Structures are given as structure tokens and as C-alpha cells.
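Trainee: One structure, as C-alpha cells, below. Some questions next.
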Amino acid sequence: MDDLLRIRVADADCGAAASLLAWLRAEDELRGRVELEAAPPQPGSPGTRADVLTVAVGTGSAVSGLTSALIAWVRRRGGETVVRVTRADGSSIELRATAVHGLEPDGVAELVREVGRSLADRPGPAALPDGDE
């Protein structure tokens, strides 16, 4: 049975979620598993639109594909892009473009492992960049 992950994208560019949707759908492991759910702007965030993607994952390859693709997409973004991935149990992780954009290859590899572990519900907390540069 697949687990459903919700990915909320907050970005001044209201097309960010559509961009992420196309990016994720290009991944073989995620084809047919990703849908877009429009959401109203978050309270207190004038001009910022939040959109939600839902991703059905169940296999290790789907989680791995999602993790790698998500981090690659976030790294390409600039400014204030924030992506929050929430699991069915309510736990979540957050990635900020300002925190991952400048990571060196070793840092990216470690981030992929930590996020993948977190999304796959394996023991151990994800040590994510906090956005402070």
C-alpha cells in the first residue's frame, strides 16, 4: 500500500508548484504518483500562493526518486522558495532554497540521505539546513 505525502510549496512565484509538478512527473519512479491540489494563499502571506502536491510513495525507489528530484528542484530555485513535505502521520520536513542552493556535492548527498530516511520512516532525525547563511 502506498503512503501519501503532501508537499506544500510557498513561493512568490505562483507557478512554483506547477514547476515542481512537472519536475517530479519527469521522474520514472514517480510517474502517475503525483497530483496537484490548489490551495488558497496562507494567512499573513500577502501575494504568496501555496499549492499542495500529493505524492503516493510506497517503494524505496519512489521515495529515493522523490527525495533526489525534490532537492534538485529546490537547489535550482532562488529567493524565498520553501517546500514542506508532510507524511500521513503529520510529521514533516522543510527545505528552503536559501539553505540548499549553495551546498557542495557532499552536503547534497548527505541531505538526500537524511531526507530519504525521514520520508521512508526510518529511525533517525533529519538534519536539515536551517536556512541561516
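Trainee: Out of the residues in segment 1-37 that are among the small types (Gly, Ala, Ser) and out of contact with any strand residue (DSSP E or B) (no Cβ under 6 Å at 6 or more places or on another chain), state the one that is modelled with the lowest pLDDT.
Mentor: Within segment 1-37, the match that is modelled with the lowest pLDDT is Ala12.
Trainee: Moving on to the next point. Among the residues of segment 79-93, which ones are within 21 Å of Ser19 (Cα to Cα), open to solvent by less than 50 Å² (accessible area, probe 1.4 Å) and either touching a residue at least 40 places away in the same chain (Cβ under 8 Å) or not β-branched (Val, Ile, Thr) (or both)?
Mentor: Once the filter is applied, which keeps residues that are within 21 Å of Ser19 (Cα to Cα), open to solvent by less than 50 Å² (accessible area, probe 1.4 Å) and either touching a residue at least 40 places away in the same chain (Cβ under 8 Å) or not β-branched (Val, Ile, Thr) (or both), segment 79-93 yields Gly79, Thr81, Val82, Val83, Val85, Thr86.
Trainee: Assuming Thr48 fulfils every condition listed in (1) at pLDDT 80 or above; (2) open to solvent by less than 60 Å² (accessible area, probe 1.4 Å) apart from one, which condition is it?
Mentor: It fails just one condition, (1).
The values are calculated or read from the model by the stated rules, or taken from the named source; none is laboratory data. As the structure is a prediction and not an experimental result, all values here were calculated from the model. We place every Cβ from the backbone using ideal geometry, glycine too, and count neighbours over all the protein chains shown. Ligands, DNA and RNA are excluded from the accessible area calculation, which covers all protein heavy atoms including side chains. Shrake-Rupley method; radii C 1.70, N 1.55, O 1.52, S 1.80 Å.
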